[in-house]
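Q: If you scroll down you'll find the structure; I have some questions about it.
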């Protein structure tokens, strides 16, 4: 891969990362804002709003799955560092390649089942705001696909000539 192509990929990746961070931040602010509105109406005004609890829960669910898929670097997710840190870089590479292949396979298997469940949820609505449940939990599909794509990108880098940068 030439330096210009690598630089272009890096710029695109940086832009996508900035967008993902901004969306994650907005989702968190939305969840936190709903929580503050809920507290204000419950404890200051003395009349709790029914929709704020559901809204905050939905915003929190979206925040967690969005951030896990698109904001947190794949190497920062749960790992078994006790073994990983004591082996050579080449063995770490093998571990990482194996891990990425397993993640891609597992998440690939999850996609049709997730779509099936979201189809089932299409006929259901949230209890208070009456939002379609498949939209509320559709963030899980984004998580599965997004995380699998991040794993595929890391796998691509791990089998490339600059694999040491990924360890």
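The values are calculated or read from the model by the stated rules, or taken from the named source; none is laboratory data. What you see is a predicted model, and the numbers here were worked out from it, not measured in a lab. Cβ sites come from the backbone with ideal geometry, for glycine too, and all protein chains shown count toward neighbours.
Q: I need the full set of residues from region 1-30 which are at pLDDT 90 or above and over 18 Å from the mean Cα position of the chain (by Cα), in order please.
A: None; the set is empty.
Q: Can you tell me which residues in region 73-88 are surrounded by 10 or more Cβ atoms within 10 Å (Cβ to Cβ) and in a helix (DSSP H, G or I)?
A: Within region 73-88, 74, 75, 83, 84 qualify.
Q: Just a yes or no: is a residue in region 85-98 closer than 22 Å to residue 20 by Cβ and either touching a strand residue (DSSP E or B) at 6+ places or on another chain (Cβ under 8 Å) or without any contact (Cβ under 8 Å) to a residue 60 or more places away in the chain (or both)?
A: no
Q: Moving on. Hey, can you tell me all the residues within region 132-155 that are buried (at least 16 other Cβ atoms within 10 Å of the Cβ) and not in a helix (DSSP H, G or I)?
A: Those that are buried (at least 16 other Cβ atoms within 10 Å of the Cβ) and not in a helix (DSSP H, G or I): 137, 138.
Q: Given 64, 37, 44, which one is under 30 Å from residue 127 (Cα atoms), touching a helix residue (DSSP H, G or I) at 6+ places or on another chain (Cβ under 6 Å) and outside the structural domain of residue 129 (by TED's automatic domain parsing)?
A: Result of the check over 64, 37, 44: 37.
Q: Here's another thing I want to ask about it. If residue 48 meets every condition in (1) assigned to a helix (DSSP H, G or I); (2) surrounded by 12 or more Cβ atoms within 10 Å (Cβ to Cβ) apart from one, which number is that one?
A: Here residue 48 meets the rest and fails (1).
Q: Looking at this structure, is residue 23 part of a helix (DSSP H, G or I), surrounded by 11 or more Cβ atoms within 10 Å (Cβ to Cβ) and touching a helix residue (DSSP H, G or I) at 6+ places or on another chain (Cβ under 8 Å)?
A: yes
Q: I'm checking my understanding of the structure. Among residues of region 156-167 that are surrounded by 14 or more Cβ atoms within 10 Å (Cβ to Cβ) and touching a residue at least 40 places away in the same chain (Cβ under 8 Å), which one is farthest from residue 70 (Cα to Cα)?
A: 163
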